[in-house]
Amino acid sequence: MPTTPFSPLGADLLSTLVFLPAVGALVLLFVPDGARKTIQGIGLLFSGATFAVSVLALLRFNPDLVGSEAFRSLMVDRPWIPRFGIRYLLAVDGLSLSLVLLTTLLTLSVLLVACGQKIDRFKGYVAAFLVLETGMLGSLVALDMILFYVFWEVMLIPMYFIIGIWGGKRRIYATMKFVLFTLAGSLLMFVAILFAANVNAQATGIQTFSLLDWVPAALGGAWGLTPRSEALLFWAFALAFLVKVPLWPLHTWLPDAHVEAPTGGSVILAGVLLKLGTYGLLRFALPLFPNATARYTPFIAVLALIGIVYGAWVAAAQKDMKKLVAYSSVSHLALVVLGIFAVNATAVSGAVVQMVGHGLTTGLLFMLVGVLYDRRHTREMADYGGVASQVPVTTTLFLIATLGSIGLPGLNGFVGEFLILGGVFKVSVLWCAVAATGMVLSAIYLLTLVQKVFWGPSTVAANRGLTDMNGWELAGALPLIAFVVILGVYPAPLLNLVKNSVESIVQVARVRMLP
Amino acid sequence: MTFPFPASDLLVILPELVLTQLALGILLWATVVRKGREATLAWVSIASLAAAAVLIPVAARLSGPLPRAAFGGMLTLDRFSIFFKVLVLLATAVTILFSLKFVGTSSYPGGEYYALLLFSAVGMLFMASGTHLVSIYIALELMALSQYVLAGYFKRETKSVEAAAKYFVLGAFSSGVLLYGISLVYGAAGSLDLGDVARSLAATPRSSLLGVGIVLTASGMLFKIASAPFHVWAPDVYEGAPTPISAFFSVGPKLAAYAIFARIFFVGFGPRAGDWAPVLAASAALTMVVGNVGALLQQNVKRMLGYSSIGHAGYALLGLLAYASGTDARGENFGLWAILIYLAAYLLMTLGAFGLVVLLEAKGYATESVDDFNGLSKKNPLAAAAMLVFLLSLAGIPPTAGFVGKYFLFSAAMKAGWPSLALLAVLMSAVSLFYYFRIARAMYLVEGEGELRWREEPAVAAAVAVCVAGTLLLGILPQPFVALAKSCLLP
């Protein structure tokens, strides 16, 4: 039994990390609605403290442990419902830790930006993001399948309200679509979890939901699944995650949700929630069902390739800035999925780096579009044009984020895309070629966006008085920009952090693919 | 003539005896209580229920080791029956809390209302411990007859009368079917004692007489738990009956009916489980679909909750099915265990949701559309948050009691070899989220128009608060309750 590491905050570090934001939301319950300053303070205090705890976790984490040992450094393992072998099992490896840091950073940024903008029912807004953060962090660190499922569903409710209360005109339609798509997928996964637990119990005689027990049992052949049941289980898991990613043709909820969501909602949705889909594939679907993964890789790869080109193509036709960025996410995430299903160390590392990178750059893009929207209440590109002279700071940051998203060398997008394409090339030259066109197209539509909105002559009179980013918004955006640049110039720390997790995922997924 | 049973048998039914006496006393007392002072009657009724609850452990202690059979095997006091008795008393007490103002401000007398509720509770207590088809039937009728009257309690309201008439005619018919089924079983098994029936069924070959008997008995039971294809009465009755009574109907009688359903089919018809399981499987599938799809189309919250309770009856049938499939490799039978956990969760979340409907009622009668919830989150954030907890729990979203209940039911179905039904149940849960969230949407996303009609009722609010606490506690720390339910299974 691993010992629970000491934490300065009394409880263990990972529980503190997960529940600190929820405590913040609870504290907010006792604050009067109008006390905006106090609400700001509490929101920033708790999200800031959560970020600090995640940094502490990074410092405490030992990236040199490999295989199943990798989770040991911060593991918390307690019985929850012992009668059924359901455990309160939290642990991180390099993969989850990198996404944990992304989550805590983005949430803090979102709340900083929110402080600088006018938002109705501000208390509820902050509280919703804090609860959402607990759900996201819990999903990332839970290794017991039931616990994971609980956190996975907990994410749904705050997002429902974020889109539904603070969203645009068609918010109710958008939020319902989001919830139903996601829920349909995750309920399928729930059945699969129960089924797999049953298989595991029959095979090993132990009732457990711990992934750390499942993976060795599944790999050792103890599960003895028929190809058909393995395929069904794989698809039940994969669908839940692919809806979240979202992979073409399951993506239709995303543009609606993004367009209607408030700025912060879009940032978190694109920055973290979509990554949880790819995270789920890497963490659960691949290691548990290596044979089915191998069997369906070509199929999913084709969907991913379609998604890359389709997303880019549709993005190029958009007039609405948010819709354009949303479709660019469909394209970019499809590239990540392609990288994951290439199942080699290069491509999977690239996929993880790209997950973090996309979280930063797309988060930024939505944030900056939100800055413009806050001033002008329109997302149509035609309503802008030549605003660079009015908002030079926004323009600069937007350009950096765009270039990062396109994959300009020296910014973080390049590292991920390059590694993915390099890894995919080893598997299939054709896939690589098609995927690369996605990158070219992304340069076209994103630069067109910049050109139409920021450059050129200033034609719209309403933009005359446009004000640039205020201090809060800058405070939210600058850290993200910093990481876009740092991880682009020197990605080694991130690659080192995820190296061992990627190795073990790739090895595990390869074990049974070899004849 | 002498009393043919040992006097100590009376100790076994001590809670029921005392509650009956108190209910009769209330009925008498009600004749001299003026309208407007009837709240006293309600509090005395609650005290009577509390007295009965306190007497349950006393009866268990005094009457000897459990399980203790009494009256020649007519009734048995065991932990299984105690589990249901406690839940039934709780449901009745909460119903009375809901009724306080409701009955107080109506033009109908309150005395009989409370007395009828208590009589109905007595019937349910007897149902929980009935181990003989005759005692079960009599208890069932005591419960049902009280309820027919309660459904039509607002006797000058057309809808209430319609509800009562429907409930009575269909209920009486289903009782007839049940009784006919019982008589056929008697013909085949030669006994009405459930233990004897089981022994006899194990020894006799399959026969059409027995088959028809079992199917008819099942039909009667399915009616009582409002399962398809015997569910059509439920939405109408729920809509027409006074709201506290709708709350009561969706919880109390269902719990009691599940108790006898489980007892008759597991103890009595257990040896024939392979024969009746497919019948229940078909009904479970149909019930889940009809209940959840039906609820999609409803605008009236009470009707929606009515259909949703049909859906929940379908989920719970999965537990009966799982039980029928026998024990797993570890010698454990999940099915009944899952039902107990689920029913407790169901009680908390359903009563809570109905409690909020009671609070929301303006005229006190059947005006409760989904739109009435519009903008609730701004006008009363606490109430909206409470309703949200119940809705999430009803939809089975963690971390709530509903999720834990569904987890146990679905994994029981999975273990018992009904993965397709578990899958259907999960899909229907997704459908259910759609209609439950219509209320969430109204509360949080839609602006309310005009004044929100809201009644201040501390008693109801307190009952709702207890339900919220229970729903969350059972969802986050289920272990103690799970262990408790485990000890209350049938042998």
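What follows is calculated from the coordinates using simple rules that are stated; it is not laboratory data. Everything quoted here is computed from the prediction, not taken from an experiment. Counting neighbours? That spans all protein chains shown, and the Cβs are built from the backbone with ideal geometry, glycine included.
Structure summary
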| quantity | calculated |
| --- | --- |
| Theoretical FRET efficiency, 1/(1+(r/R0)^6), r = Cβ-Cβ of B:Arg61 and B:Ala469, R0 25 Å, to 0.05 | 0.30 |
| Dipole in debye (nearest 20) - chain B, about Cα centre, beta carbon charges: Lys, Arg +1; Asp, Glu -1 | 240 debye |
| Dipole of the range A:13-509 [Lys/Arg +1, Asp/Glu -1 at C-beta], most positive-end residue of A:Leu335, A:Pro457, A:Thr208 | A:Pro457 |
| Burial order of peptide ranges A:332-339, B:4-11 (average beta-carbon count within 10 Å, highest first) | A:332-339, B:4-11 |
| Filter on B:Lys35/B:Lys224; A:Lys322/B:Lys378; A:Lys37/B:Lys379; B:Lys159/B:Lys406; A:Lys244/B:Lys486 - keep pairs with C-alpha separation over 28 Å | B:Lys35/B:Lys224; A:Lys322/B:Lys378; B:Lys159/B:Lys406; A:Lys244/B:Lys486 |
| Spin-label model distance (nm) - B:Tyr108 vs B:Leu10, 7 Å beyond Cα toward Cβ | 3.6 nm |
| Estimated distance in nm for a label pair at A:Ala462 and B:Lys378, the labels positioned 7 Å out from Cα along Cα-to-Cβ | 2.4 nm |
| Spin-label proximity, A:Ser68 to the range A:272-301 - amide N less than 14 Å from point 7 Å beyond Cα toward beta carbon | A:288 |
| Neighbour net charge for A:Ala312 - beta-carbon separation under 15 angstrom, K R +1, D E -1 | 0 |
| MRE, 222 nm, helices only [DSSP H, n ≥ 4, -39500 (n - 2.57), over chain B, to nearest 500] | -25000 deg cm²/dmol |
| Average Cα contact separation per residue, the range B:276-491, under 8 Å, 6 or more apart, as relative contact order % | 28 percent |
| Over the range A:345-443, volume per residue of the alpha carbon convex hull, in Å³ | 97 Å³ |
| Separation in nanometres of the label points that stand 7 Å from Cα toward Cβ, at B:Ile138 and B:Glu447 | 6.4 nm |
| Ratio Rg/Rh, restricted to the protein assembly as shown and using Cα atoms, in which Rh is the Kirkwood radius | 1.02 |
| Helix A:429-453 vs. chain A, principal-axis angle (Cα, 0 to 90°, nearest 10) | 30 degrees |
| Per-residue average of Cβ from other chains inside 10 Å of B:479-485 | 2 |
| Positive dipole terminus of the protein assembly as shown, leading residue within A:Gly168, B:Thr400, B:Leu89 (C-beta point charges) | A:Gly168 |
| Protection-proxy order for peptides A:307-313, A:317-323, B:310-316, each taking the mean of Cβ atoms within 10 Å per residue, highest first | B:310-316, A:307-313, A:317-323 |
| Charge dipole magnitude, Cβ of K and R +1, D and E -1 - the protein assembly as shown, Cα centre, debye nearest 20 | 420 debye |
| For chain A, radius of gyration divided by Kirkwood radius, i.e. Rg to Rh on alpha-carbons | 0.96 |
| Charged-residue dipole, Cβ positions (Lys, Arg, Asp, Glu), the range B:276-491 about Cα centre, Debye nearest 20 | 300 debye |
| Pairwise FRET efficiency - B:Lys486 versus B:Gln21, Cβ, R0 = 35 Å, nearest 0.05 | 0.50 |
| Gap separating the Cα centres of the range B:59-99 and the range A:89-152, nearest whole Å | 47 Å |
| 0 to 90° range, to nearest 10: angle between helix A:171-204 axis and chain A longest Cα axis | 10 degrees |
| Within the range B:113-141, backbone nitrogen closer than 20 Å to the virtual label 7 Å beyond the Cα of B:Ala172 toward Cβ | B:120, B:137-141 |
| Efficiency of FRET between A:Trp455 and A:Lys426 - r from beta-carbon atoms, R0 45 angstrom, step 0.05 | 0.70 |
| Mean separation of Cα contacts under 8 Å (6+ apart) over length of chain B, as relative contact order % | 14 percent |
| Computed [θ] at 222 nm, deg cm²/dmol, chain A (DSSP H ≥ 4; -39,500 (n - 2.57); rounded to nearest 500) | -23500 deg cm²/dmol |
